[in-house]
């Protein structure tokens, strides 16, 4: 599998995302997205290491054991219309270094970047390559 419309992990006993290494893009369809939420045992995002772009939102929320977003290191663009990057409610997340390749969010419509309620987050330096949050 090299592309997919939407990949969603929710309320599962996942401890890792191994098996998704061949996934390189979520851009074949309008509205593609990555949603990772409510995974009590997930500590990082390795397995998504080869995703370079998505034509839709990236939502990472309510993952109490998540300590890093490592695994999204290749993601350079969150494109499409009305897209968001939400990283919220991950109490053990310490940094955003796994997003160091991300340069652009949006491409038309509304674009939102929200990083909130990550109580252990000490640095957002991982977003230092981000040059544009584009909205129409």
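Residue-wise test of (1) modelled with pLDDT of 95 or more; (2) farther than 21 Å from residue 15 by Cβ; (3) within 14 Å of the chain's Cα centre (by Cα).
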position	(1), (2), (3)
34	no, no, yes
45	yes, no, yes
67	yes, no, yes
88	yes, yes, yes
96	yes, yes, yes
126	yes, yes, yes
Please indicate, with yes or no, whether at least one residue in segment 102-114 is farther than 22 Å from residue 55 by Cβ and out of contact with any helix residue (DSSP H, G or I) (no Cβ under 9 Å at 6 or more places or on another chain).
no
Reported set for segment 89-100 where residues are out of contact with any strand residue (DSSP E or B) (no Cβ under 9 Å at 6 or more places or on another chain), in a loop (DSSP other than H, G, I, E, B) and surrounded by 17 or more Cβ atoms within 10 Å (Cβ to Cβ) is 100
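Taking residue 110, is it farther than 25 Å from residue 24 by Cβ and modelled with pLDDT under 95?
Numbers: farther than 25 Å from residue 24 by Cβ: yes; modelled with pLDDT under 95: yes.
Yes, satisfied.
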Those residues of segment 72-86 that are out of contact with any strand residue (DSSP E or B) (no Cβ under 8 Å at 6 or more places or on another chain) and either more than 20 Å from residue 20 (Cα to Cα) or surrounded by fewer than 20 Cβ atoms within 10 Å (Cβ to Cβ) (or both) come to a total of 1
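The values are calculated or read from the model by the stated rules, or taken from the named source; none is laboratory data. These numbers were taken from a predicted model, which means no experiment stands behind them. Note: ideal-geometry Cβ built from the backbone for every residue, glycine included; neighbour counts use all protein chains shown.
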